[in-house]
Amino acid sequence: MSSTTSSKMRVLHRYLGFFLAGIMAVYAISGIVLIFRDTDFLKSDKTEEVKIKPNVKAEELGKALDMRRLQVEKEDPKMIYFKNGDYNKETGVAHITSKELPYVLDKMTHLHKASTEDPLYYLNIFFGVALLFFVISAFWMYLPKTDVFKRGILFTLAGIVLTLVLLFV
């Protein structure tokens, strides 16, 4: 390993690290928030009134309201009741209550959900490649014969083992 390669990796690692610090903070916060996505943590109620055509049948209501997994809980001659809402058959008006994160947190968590149709997908690819560079360049921070490097390899292996255990157990 030449000292010029080592010094170039250190410089790239340092400045890329500073550049990515903000992105990593956003990913860290939004990742923690996403852990609680199945709870009401930090969420508030948002009630929406949607007008669709009257007299939609219960089995077609989910599609008409663009709600996957809609399950009718109760139906009477005028109303259809479902979890978090109701639909008036006569007027075609549905009231839907949902739980939403505050605006900024909602936008931040969208980073994790970006697909190839979303421009954020480029940021996700860049971030993933940059993190992979961090992994590789970290091994150029110390000479392979030093105790710090050898201990670093042990910590790396411990991190891999812990991740595999948590994934498969």
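The values are calculated or read from the model by the stated rules, or taken from the named source; none is laboratory data. On a predicted model such as this, the values are computed, not experimentally measured, just so you know. Every residue, glycine among them, receives a Cβ derived from its backbone with ideal geometry; neighbour counts consider all protein chains shown.
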With the condition kept exactly as written, say whether any residue in region 108-115 is touching a residue at least 12 places away in the same chain (Cβ under 8 Å), assigned by TED's automatic domain parsing to the domain that holds Ile160, under 23 Å from Ile35 (Cα atoms) and β-branched (Val, Ile, Thr).
yes
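Out of Ile29, Ile96, report the one residue that is outside the structural domain of Met141 (by TED's automatic domain parsing) and either in contact (Cβ under 8 Å) with a residue 12 or more places away in the chain or over 23 Å from the mean Cα position of the chain (by Cα) (or both).
Criteria check complete, one pass: Ile96.
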Could you say which residue among Leu111, Leu61, Leu132, Leu154 is out of contact with any strand residue (DSSP E or B) (no Cβ under 9 Å at 6 or more places or on another chain) and surrounded by 13 or more Cβ atoms within 10 Å (Cβ to Cβ)?
Leu111
I need every pair where a residue in region 58-79 that is over 19 Å from Glu48 (Cα atoms) and free of Cβ contacts under 8 Å to residues at least 60 places away in the same chain has its Cβ under 8 Å from the Cβ of a residue that is of a type in the set (Lys, Arg) and surrounded by 15 or more Cβ atoms within 10 Å (Cβ to Cβ), sequence separation at least 6 or different chains.
Pro77/Lys89; Lys78/Lys89
Conditions (1) in a loop (DSSP other than H, G, I, E, B); (2) in the same structural domain as Met24 (by TED's automatic domain parsing); (3) surrounded by fewer than 15 Cβ atoms within 10 Å (Cβ to Cβ); (4) of a type outside the set (Val, Ile, Thr); number of the one not met by Tyr142
(3)
Of these, Asp40, Asp45, which one is touching a strand residue (DSSP E or B) at 6+ places or on another chain (Cβ under 6 Å) and surrounded by fewer than 10 Cβ atoms within 10 Å (Cβ to Cβ)?
Asp40
Every residue from region 36-87 that is assigned to a strand (DSSP E or B), of a type in the set (A, V, I, L, M) and within 25 Å of Asp106 (Cα to Cα)
Val50
Among the residues of region 43-66, count how many are at pLDDT below 95 and in contact with a helix residue (DSSP H, G or I) (Cβ under 8 Å, 6 or more places away or on another chain).
0
Hits in region 11-23 - residues which are closer than 18 Å to Leu123 by Cα and surrounded by 15 or more Cβ atoms within 10 Å (Cβ to Cβ):
Leu16, Leu20, Ile23
